[in-house]
1. Can you find, within region A:39-84, the residue that is farthest from C:GLY240 (Cα to Cα) among those that are without any contact (Cβ under 8 Å) to a residue 40 or more places away in the chain and more than 14 Å from the chain's Cα centre (by Cα)?
2. Where residues in region A:219-272 are of a type in the set (Asp, Glu) and under 20 Å from A:THR62 (Cα atoms), which of them is nearest to the chain's Cα centre (by Cα)?
3. Could you please find all residues in region C:159-169 being open to solvent by 20 Å² or more (accessible area, probe 1.4 Å) and touching a residue at least 40 places away in the same chain (Cβ under 8 Å)?
4. Do the conditions hold for A:ASP43, that is, is it away from chain C (no Cβ under 14 Å) and open to solvent by 10 Å² or more (accessible area, probe 1.4 Å)?
5. With the requirement that a residue be assigned to a strand (DSSP E or B) and crowded, with 18+ Cβ neighbours inside 10 Å, what does region C:189-210 give you?
6. Conditions first: (1) within 8 Å of another protein chain (Cβ to nearest Cβ); (2) touching a Leu at 6+ places or on another chain (Cβ under 8 Å). C:THR83 passes all but one, so which condition is the exception?
7. Those residues that are β-branched (Val, Ile, Thr) and surrounded by 22 or more Cβ atoms within 10 Å (Cβ to Cβ), I need them from region A:241-267; list them, please.
8. Within region B:225-243, work out how many residues are more than 8 Å from every other protein chain (Cβ to nearest Cβ), under 18 Å from B:ILE266 (Cα atoms) and at pLDDT below 90.
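The values are calculated or read from the model by the stated rules, or taken from the named source; none is laboratory data. This structure is a prediction, so every number in the text was calculated from the model and none was measured. As a convention, Cβ positions derive from the backbone with ideal geometry for all residues, glycine included, and neighbour counts pool all protein chains shown. We work out accessible area using only protein heavy atoms, side chains counted, and drop any ligands, DNA or RNA first. Shrake-Rupley method; radii C 1.70, N 1.55, O 1.52, S 1.80 Å.
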Amino acid sequence: MVRFVVNAPPLITLTTDFGLKDAYVGVMKGVVLAIEPRARVIDLSHEIEPHGVAEGAFLLRTAFRYFPPDAIHVAVVDPGVGTSRKAVAIETAHGIFIGPDNGLFTHVLADQNAVSGDDEALRGVSGVELINPQYRLEGVSNTFHGRDVFAPAAAHYARGVQLGEFGPPIKRVALLPNSIPISRGTDLVGMILHLDRFGNAISNLRAHDLPATPVFEIAGTEIEGLSASYQDSRLNVLIGSSGFVEVAVQNGSAAGTLGLSTGDTILVRDRT
Amino acid sequence: MVRFVVNAPPLITLTTDFGLKDAYVGVMKGVVLAIEPRARVIDLSHEIEPHGVAEGAFLLRTAFRYFPPDAIHVAVVDPGVGTSRKAVAIETAHGIFIGPDNGLFTHVLADQNAVSGDDEALRGVSGVELINPQYRLEGVSNTFHGRDVFAPAAAHYARGVQLGEFGPPIKRVALLPNSIPISRGTDLVGMILHLDRFGNAISNLRAHDLPATPVFEIAGTEIEGLSASYQDSRLNVLIGSSGFVEVAVQNGSAAGTLGLSTGDTILVRDRT
Amino acid sequence: MVRFVVNAPPLITLTTDFGLKDAYVGVMKGVVLAIEPRARVIDLSHEIEPHGVAEGAFLLRTAFRYFPPDAIHVAVVDPGVGTSRKAVAIETAHGIFIGPDNGLFTHVLADQNAVSGDDEALRGVSGVELINPQYRLEGVSNTFHGRDVFAPAAAHYARGVQLGEFGPPIKRVALLPNSIPISRGTDLVGMILHLDRFGNAISNLRAHDLPATPVFEIAGTEIEGLSASYQDSRLNVLIGSSGFVEVAVQNGSAAGTLGLSTGDTILVRDRT
């Protein structure tokens, strides 16, 4: 999607629910740069709702294609830290994804056809479990794998350590349920996955999912057809910048005006 | 104001109302670094009030002189995205400014005498409209020009593309009205442009605008003379770190104590 | 704690109470990079509670060991800016610390045995007062030493200026009172220093402070023994990722559930 320059410094993105009040994110960057000082570390978001695995998964999906194909994406939304959930790295044609195995990578894998529907088998991509102590910090905590496991893995990978060195291969990954729209008779049922800062409500429906002359029903309100911009009318349904159907209110908040929450349903039928 | 080292990596600043919850800012950085991996990208603020063009314009003014003169400043507070408003780049003696043509650059241009009062004609600086598709992402959206137009323009400029390559010259820019203090008889009328995190209220009045022995009237309260620090008295009017008259409460919030909002008036008269 | 690569670009961290709404932090980075373009600047936190010196001091303590020993840590939580409080730099075996002399460096110095208890004398480390105008911006303001004094000091130090060049040596530093746990009879009295984003309450007690079979009393609630992870039981006391005793509620907020605030007491006794 964008041009890629060979031999650029390694690029690492971070997506977490750590917030920016604590030093957790800064410490992860310290760990990365102590291991690989050439790395460039870019924040995607640290304001994922605490334990909001689905929100983090969606955000990764909207972002990863704008980075070079060899970018290293670290995501840590990890309510199960310290339990038996796996720590994993999955190498795809468009980025390597490092984080807990809890569904965070559902959308980026689905988008690359590396998983299919609710089948957790990996297809055409390589994954490993991160267990080699050589590429973790000493004395791994039970509470902060972002610092002790995932940041070091990203930095060592950036230095050229091969995927197979980090641990044994995995064949399956955890997936989020209901991550794709479903059909109900002739209607299509999508779901609000994300409310952005402007109150725009972004769904899991894509342009190619829609019928020719769509009518949307959201929170009891019916909206006909797609708008071309946020200024087209007071209430707009449009294809947002990430390629997903989005509900927006002109110079206002769709979430506030319509009382929308993540998980709410968008019903689509064909007017004809 | 600060020393500049030649042949440093290109420096790009970002100012938006995108917030840090979504990945919009991270995606802009991905686009920049995919095109120009040597670029250093610095955040000025992403917490401009949504659609707060005046606030963004003020913030740019307080910041741009602390960056090297060849820094590239991208600002995206852009309620008109997807409409007919222009996308522009304006090259000045102290930075190039890239963003929507909606008044965001009023203060940085006024400060450099590149515009005068409410006259929108550009003076002694070069501007272009960003229309060359070669320097935009393919398939420009109607909703996210930060990613599709402005970030690519900044990165290509950083790589050495000349201003004239981006599109046709512009002779005029949009300006914010009432951006400079006005005289009313012997009094001077300024305006609160910004409330900072500490509740300090920053105005558009500068030291050289003031009479010899100023008396300030703010929200019905009269304050005589200028303080030298935030600890001088309970209620202080002082010249803040950006060179503007600022109202502050000792160890407290002026905005809260006096009930101030942006747009409020500060009246200045001479005591003598 | 982590490996360090020689001849890496200089690493500068920033910790402030400036927030991210204003451009204060971005401007500090502009000043740094105008002086030393090779520097890498990492944010630890800018969301320290306004004037929260104790919170900033704690945060630095949890972070500094994850950075290379030659990292430059700039901290600006500075209610006394513009008064007679000193601006200082203290060079330790694990980082140089630059900021106001108001107790911000209490924990990082105590942790390295560079101060002892409430004795303010520096031991085995070198400190200076930052007064050499050559390494400040011209026209230092009374309100923003982060930009005018501390950022330039960090950048010049990163370029190789020796500590002694910045000003005269200091022999003492300001310390925060009550920063270490105290004994009361056979009990130990600790204090909540920090509530993190998840509502976990982090104290000044460390693992080696505890008796063999500890019983904790927090806000009238008694909790026996240490948990190994956040998922062990509903109410957990555990050794957090920074090595401090931490109170946590499974999939919830300890601060909210127990009504905890910073400054609250944790009483520890031995069950036997």
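1. Per the stated criteria, the residue is A:ARG40.
2. Here the residue is A:GLU246.
3. Correct list: C:ARG159, C:PRO168, C:PRO169.
4. When the stated conditions are applied, A:ASP43 does not pass them.
5. Residues satisfying the conditions are C:GLY190, C:MET191, C:ILE192, C:LEU193, C:HIS194, C:LEU195, C:ALA201, C:ILE202, C:SER203, C:ASN204, C:LEU205.
6. It fails just one condition, (2).
7. Result: A:VAL245, A:VAL247, A:ILE266.
8. Matching residues across region B:225-243 total 2.
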